[in-house]
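J.: Before we start, here is the structure in question, set down as structure tokens.
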Amino acid sequence: MADQPSTTILIADDDADIREVLRLYLENAGYRVVEAADGEQALALVESEDVALCLLDIMMPKMDGYQVLRQLRQTSHVPVIVISAKGQDPEKILGLNLGADDYLVKPFNPLEAVARVGALLRRLSFDRQGVEATAAPVAAEATSAEPPLVVGDLRLDREGCTLERAGEPIALTSVEYRIMELLMEHPGRVFTKAQIYEAGWGEEYLAAENNVMVSISKLRSKLDSDPQAYIATIRGLGYRLKREG
């Protein structure tokens, strides 16, 4: 059963059979479900209902999923799992870059869809606690302040949970903060995508390679216009933070 039986999930898909199957499995898991058969209806339901998460198809009439996602991200942070028959990497990366939180390729097992919904809601609930959750064990110990991490011109203040580059603050999401903390604790060390995912998202790595790629790409753009200036790709292995930036 879902942790929050009243949690509302929006299924936006023009295929009535897919909506019916997803509704059945989600309601059996304890969720409340609302449905949209096109993009315009999906946006309207996000406005009128207390939607906790959207399952969003790409190929829909009136407004496709990418258009819905672009418009949605102008006003809402509601988590989105894209569901699409387009399983190639460019489509996945486009969806993630537009603000999707996960990507599910058709045909899929409905049980996997329910599992991904639950995992995403748990992860985002953790994220809403922000980086306070990262700092909480330190505060609870009530011992001496934990020193900042300094690598080259990067400074990560683990008490204030902030990052600076050459004295200039850089805004990070909680996932990005945890990734930077991992990399800066071990400059020069290569971390696999699985290790980065587990540090950033706080859960077991399950075929979430694109999530890591997108987060690393966003971190790189925040750190420098040169994508390789701070975080290097080690082909076939993973990523490492350069010792001097």
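The values are calculated or read from the model by the stated rules, or taken from the named source; none is laboratory data. Nothing here was measured: the structure is a model prediction, and the numbers come from that model. FYI the Cβ positions are ideal-geometry reconstructions off the backbone, even for glycines, and counts take in every protein chain you see.
J.: Going through the range 81-101 one residue at a time, which ones are assigned to a helix (DSSP H, G or I) and either touching a His at 6+ places or on another chain (Cβ under 9 Å) or touching a residue at least 40 places away in the same chain (Cβ under 8 Å) (or both)?
T.: Once the filter is applied, which keeps residues that are assigned to a helix (DSSP H, G or I) and either touching a His at 6+ places or on another chain (Cβ under 9 Å) or touching a residue at least 40 places away in the same chain (Cβ under 8 Å) (or both), the range 81-101 yields D89, K92, I93, L96, N97.
J.: Here is a further query. Kindly check whether there is at least one residue in the range 105-116 that is under 28 Å from E198 (Cβ atoms), β-branched (V, I, T), under 18 Å from the mean Cα position of the chain (by Cα) and crowded, with 18+ Cβ neighbours inside 10 Å.
T.: Yes, there is a match, as at least one residue in the range 105-116 is under 28 Å from E198 (Cβ atoms), β-branched (V, I, T), under 18 Å from the mean Cα position of the chain (by Cα) and crowded, with 18+ Cβ neighbours inside 10 Å.
J.: So, one more: With the requirement that a residue be touching a residue at least 40 places away in the same chain (Cβ under 8 Å) and either more than 16 Å from L111 (Cβ to Cβ) or among the small types (G, A, S) (or both), what does the range 18-36 give you?
T.: A29
J.: Check off (1) closer than 27 Å to V105 by Cα; (2) at pLDDT below 90 for L172 and give me the number that stays unchecked.
T.: L172 satisfies every listed condition except (1).
J.: I'm trying to understand the selection: among the residues of the range 192-218, which are in contact with a strand residue (DSSP E or B) (Cβ under 8 Å, 6 or more places away or on another chain), among the aliphatic types (A, V, I, L, M) and surrounded by fewer than 16 Cβ atoms within 10 Å (Cβ to Cβ)?
T.: Once the filter is applied, which keeps residues that are in contact with a strand residue (DSSP E or B) (Cβ under 8 Å, 6 or more places away or on another chain), among the aliphatic types (A, V, I, L, M) and surrounded by fewer than 16 Cβ atoms within 10 Å (Cβ to Cβ), the range 192-218 yields nothing.
Yes/no per residue for (1) farther than 20 Å from L26 by Cβ; (2) in contact with a strand residue (DSSP E or B) (Cβ under 9 Å, 6 or more places away or on another chain):
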residue	(1), (2)
Q41	no, yes
D57	no, yes
D64	yes, yes
Q67	yes, no
L96	yes, yes
D102	no, yes
N109	no, no
A119	no, yes
R123	no, no
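J.: Only one of (1) closer than 20 Å to L96 by Cα; (2) surrounded by fewer than 18 Cβ atoms within 10 Å (Cβ to Cβ); (3) modelled with pLDDT under 90 fails for S221. Which number is that?
T.: With respect to (1) closer than 20 Å to L96 by Cα; (2) surrounded by fewer than 18 Cβ atoms within 10 Å (Cβ to Cβ); (3) modelled with pLDDT under 90, S221 is out only on (3).
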